[in-house]
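First the structure, which I've put down as structure tokens, then a few questions once you've had a look.
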Amino acid sequence: MSDQREMIIVMDFGGQYNQLIARRIRECKVYCEVVSYKMPLEEILAKKPKGIIFTGGPNSVYADDAPRCGREILEAGIPVLGICYGAQLMAYLLGGEVTTAPVSEYGKTQVSTDPHTALFHGLPQTQICWMSHTDYISRVPEGFRITATTSDCPAAAMENDDRKLYAVQFHPEVQHTEHGTEMLYHFVREVCGCAGEWEMHSFVQDSIERLRAQIGDARVLCALSGGVDSSVAAVLLSKAVGKQLTCVFVDHGLLRKDEGDEVERIFGPEGPYDLNFIRVNAAEHFYEKLAGVTEPENKRKIIGEEFIRVFEAESKKIGHVKYLAQGTIYPDIIESGLGDSATIKSHHNVGGLPDYIDFDEIIEPLRMLFKDEVRKVGLELGIPETLVFRQPFPGPGLGVRIIGDITSEKVRMVQEADAIFREEVAAAGIDRSISQYYAALTNMRSVGVMGDGRTYDYAVTLRAVTTSDFMTAEAVPIPWEILFKVTNRIVNEVKGVNRVLYDCTSKPPATIELE
Ligand code: XMP
């Protein structure tokens, strides 16, 4: 399988941008794998890589515990590109000198590059690159020449073209390096000679083959939330191992209107996928546990814990399962060390499954991908667009969109109001330009008048934000006509609601969800 095709190996030395390197290589239409720096040389060579990239890392090459590989890898006749720490390691392994830089460089830095070089040809001679280092190469190894400099870094890049060894002190994978992708393109497509035939459908094919080889005839359990990530992971796994996979979908009664049925329609027996699909309708159970609880963190904790209990009870019925599959994607992975697959994450969008469920290993087929790539895989797998482009929905669901205690009646109100809001935003054609939008139920009741009678009902609040990373967000100025129409529909159609508010707060100081 993978060793038949052109491939770049990214050797992970613990840098924070490692996955970005992999992403940039994928953008050059070249397949790549991120592996631990500890991988033995024979295993690396067995993969027949066309090129190797050493990543950055937080250490100093001279530190006792610095992650290092042997110099043999640089003598295997395979082109190598060292980035930041990887550049210093290359210099160190080949007899150059690395020392603490008199001036650390951090951030956008002006770099002078030699255009008569494999990496920098065709690029401006002065360009902005992203630096982040305290050590630097103070003497390049024999046979190398300096190909870039900055005012504080005499060897910002070096190369030995005969041996196909290249090194850059800056980070070409980061967007702030203006021509970084071109440099990586030069390396993988020209130096390494990759033809660039890799596409997302290759990812799908590769993953299917790999999963088959890894799983054999064992059984796999997947917690399916109906969100993009777990849905894509489930379909990918089902294509790989068919009925060896069982998907458990816990409907905690805090989903958006009709969402449970929608998930069942797609993944259940009537849907296009031949899955072992188990839907657990646990709404009543969750409402009971949540009765009278108003404190946000308590609510979250109860929902998370009950989710696990329900999931656990279901998985016990299935018997021993070797693998638990999760839809973890790269941004979920907090620590680096992708190559060290022993790292088992607790962060997950279905609420952090416990490690005491009866399984041996975790499978995360999407852990190398960013969200937009997961969506591409989803489309490639034929998952409906409505699901693939579904906006993020928190694991605790409407539980964090109902301020105060949760009742089935309040869930109904927020579901109906939210459905109206979504319908109108979609009808206005602005849904894809908003990162996340929803209706929530405040615990404020106020007096209104309806017909000839007095009402004393709840207020719904509408929220819509744009964001690139969900760490900060801006409220969206939805046109008044749309808000007006949504408001009218909600107060007329949703029993128990007599007022609609619009949340104009950005994050910070507010968060995207209300609780
Ligand atoms: P906040 O409210 O923290 O939300 O600004 C940021 C993003 O995270 C989502 N969110 C969650 N997602 N489990 C999740 O999977 C959770 O417990 C959770 N809480 C918030 C939220 O919808 C937004 O996209």
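Return the residues of the stretch 32-52 that are closer than 23 Å to Thr328 by Cβ and buried (at least 24 other Cβ atoms within 10 Å of the Cβ); say none if nothing qualifies.
Once the filter is applied, which keeps residues that are closer than 23 Å to Thr328 by Cβ and buried (at least 24 other Cβ atoms within 10 Å of the Cβ), the stretch 32-52 yields only Cys32.
Here is a further query. Restricting to the stretch 116-133, and then to whatever is more than 22 Å from Gln88 (Cα to Cα) and not hydroxyl-bearing (Ser, Thr, Tyr), can you tell me which residue is most open to solvent (accessible area, probe 1.4 Å)?
Looking at residues that are more than 22 Å from Gln88 (Cα to Cα) and not hydroxyl-bearing (Ser, Thr, Tyr), I get His116.
Same structure again: Filtering the stretch 377-387 down to residues that are assigned to a helix (DSSP H, G or I) and surrounded by fewer than 20 Cβ atoms within 10 Å (Cβ to Cβ), which residue is nearest to the ligand (Cβ to nearest atom)?
Our first condition is that a residue be assigned to a helix (DSSP H, G or I); within the stretch 377-387, this holds for 377-380, 385-387.
Remaining after also requiring surrounded by fewer than 20 Cβ atoms within 10 Å (Cβ to Cβ): 379-380, 385-387.
Details: Leu379: 21, Glu380: 24, Glu385: 20, Thr386: 18, Leu387: 16 Å.
Filtering the stretch 377-387 for residues that are assigned to a helix (DSSP H, G or I) and surrounded by fewer than 20 Cβ atoms within 10 Å (Cβ to Cβ), the one nearest to the ligand (Cβ to nearest atom) comes out as Leu387.
State all residues of the stretch 454-472 that are of a type outside the set (Val, Ile, Thr), within 16 Å of the ligand (Cβ to nearest atom) and over 26 Å from the mean Cα position of the chain (by Cα); if no residue qualifies, say none.
So the first thing to find is which residues in the stretch 454-472 are of a type outside the set (Val, Ile, Thr), and the list is 454, 456-459, 462-464, 468-471.
Cutting the leftovers down to within 16 Å of the ligand (Cβ to nearest atom) gives us 462-464, 468-471.
Of everything in the stretch 454-472, just one residue is of a type outside the set (Val, Ile, Thr), within 16 Å of the ligand (Cβ to nearest atom) and over 26 Å from the mean Cα position of the chain (by Cα), namely Leu462.
Please specify each residue of the stretch 411-429 satisfying the condition of being β-branched (Val, Ile, Thr) and more than 16 Å from the ligand (Cβ to nearest atom).
Val411, Ile420, Val425 - these are the residues of the stretch 411-429 that are β-branched (Val, Ile, Thr) and more than 16 Å from the ligand (Cβ to nearest atom).
Filter the stretch 473-506 down to the residues that are away from the ligand (no atom under 16 Å from the Cβ) and in a loop (DSSP other than H, G, I, E, B) and list them by number. If you could, list the steps in order and put the result at the bottom.
Initial filter on the stretch 473-506 (away from the ligand (no atom under 16 Å from the Cβ)): 477-502.
Across the stretch 473-506, the qualifying residues are Pro477, Ile478, Pro479, Val494, Lys495, Gly496.
Which numbered condition trips up Pro509, out of (1) buried (at least 16 other Cβ atoms within 10 Å of the Cβ); (2) within 16 Å of the ligand (Cβ to nearest atom)?
Here Pro509 clears every test but (1).
Would you point out the residue of the stretch 244-300, among those that are among the basic types (Lys, Arg) and at pLDDT 95 or above, that is farthest from the ligand (Cβ to nearest atom)?
Only one residue tops the list, namely Arg279.
Are there any pairs with C-beta distances below 7 angstrom linking a residue in the stretch 459-472 that is in contact (Cβ under 8 Å) with a residue 12 or more places away in the chain to a residue that is of a type in the set (S, T, N, Q) and within 10 Å of the ligand (Cβ to nearest atom), with the two at least 6 apart or on different chains, and if so which?
Val465/Ser435; Val465/Gln436; Thr466/Ser435; Thr467/Ser435
In the stretch 265-317, what residues are farther than 16 Å from Asp251 by Cα, open to solvent by 100 Å² or more (accessible area, probe 1.4 Å) and charged (D, E, K, R)?
Matches in the stretch 265-317: Glu270, Asp274, Glu297, Lys301, Lys316, Lys317.
Has the stretch 388-410 got at least one residue that is basic (Lys, Arg), open to solvent by 20 Å² or more (accessible area, probe 1.4 Å), within 16 Å of the ligand (Cβ to nearest atom) and under 24 Å from the mean Cα position of the chain (by Cα)?
Yes: the stretch 388-410 contains one or more residues that are basic (Lys, Arg), open to solvent by 20 Å² or more (accessible area, probe 1.4 Å), within 16 Å of the ligand (Cβ to nearest atom) and under 24 Å from the mean Cα position of the chain (by Cα).
Here's the yes/no breakdown for (1) touching a residue at least 12 places away in the same chain (Cβ under 8 Å); (2) more than 25 Å from the chain's Cα centre (by Cα):
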{"residue": "Cys32", "(1), (2)": "yes, no"}
{"residue": "Ser36", "(1), (2)": "yes, no"}
{"residue": "Glu43", "(1), (2)": "no, yes"}
{"residue": "Thr55", "(1), (2)": "yes, no"}
{"residue": "Ile78", "(1), (2)": "yes, yes"}
{"residue": "Pro102", "(1), (2)": "yes, yes"}
{"residue": "His116", "(1), (2)": "no, yes"}
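Could you count how many residues in the stretch 131-148 are closer than 19 Å to Tyr85 by Cβ and part of a strand (DSSP E or B)? Before you say what the answer is, go through the steps one by one.
Going through the stretch 131-148, the residues closer than 19 Å to Tyr85 by Cβ turn out to be 131-141, 144, 146-148.
Checking the rest, the ones that are also part of a strand (DSSP E or B) come to 131-139, 146-148.
Qualifying residue count, the stretch 131-148: 12.
Shifting gears a bit: Cβ-Cβ distance below 7 Å, separation of 6 or more or different chains: which pairs start in the stretch 431-442 with a residue that is assigned to a strand (DSSP E or B) and among the hydrophobic types (A, V, I, L, M, F, W, C) and end on one that is open to solvent by 30 Å² or more (accessible area, probe 1.4 Å) and more than 11 Å from the ligand (Cβ to nearest atom)?
Matching pairs, first to second residue: Leu441/Ile403; Leu441/Tyr458.
Next up: Looking only at the stretch 314-353, how many residues end up being within 16 Å of the ligand (Cβ to nearest atom) and either at pLDDT 55 or above or of a type in the set (A, V, I, L, M) (or both)? Explain how you work it out, then say what you get.
Taking the stretch 314-353 and keeping what is within 16 Å of the ligand (Cβ to nearest atom), we get 326-334, 345-353.
Now restrict to residues that are either at pLDDT 55 or above or of a type in the set (A, V, I, L, M) (or both): 326-334, 350, 353.
Residues meeting the conditions: 11.
Residues in the stretch 221-238 that are away from the ligand (no atom under 16 Å from the Cβ) and at pLDDT 95 or above: how many?
So the answer is 5.
Does Glu262 qualify as being in contact with a helix residue (DSSP H, G or I) (Cβ under 9 Å, 6 or more places away or on another chain) and over 30 Å from Val494 (Cα atoms)?
no
Inspect the stretch 240-249 for any residue being open to solvent by 10 Å² or more (accessible area, probe 1.4 Å), without any contact (Cβ under 8 Å) to a residue 40 or more places away in the chain and on the phi > 0 side of the Ramachandran plot and give the result as yes or no.
Yes: one or more hits.
The values are calculated or read from the model by the stated rules, or taken from the named source; none is laboratory data. Quick caveat: nothing in here was measured; it's all calculated off a predicted structure. Using ideal geometry, Cβ is built from the backbone for each residue, glycine included, and neighbour counts are taken over all protein chains shown. Keep in mind that these areas ignore ligands, DNA and RNA; they rest on the heavy atoms of the full protein, side chains included. Shrake-Rupley method; radii C 1.70, N 1.55, O 1.52, S 1.80 Å.
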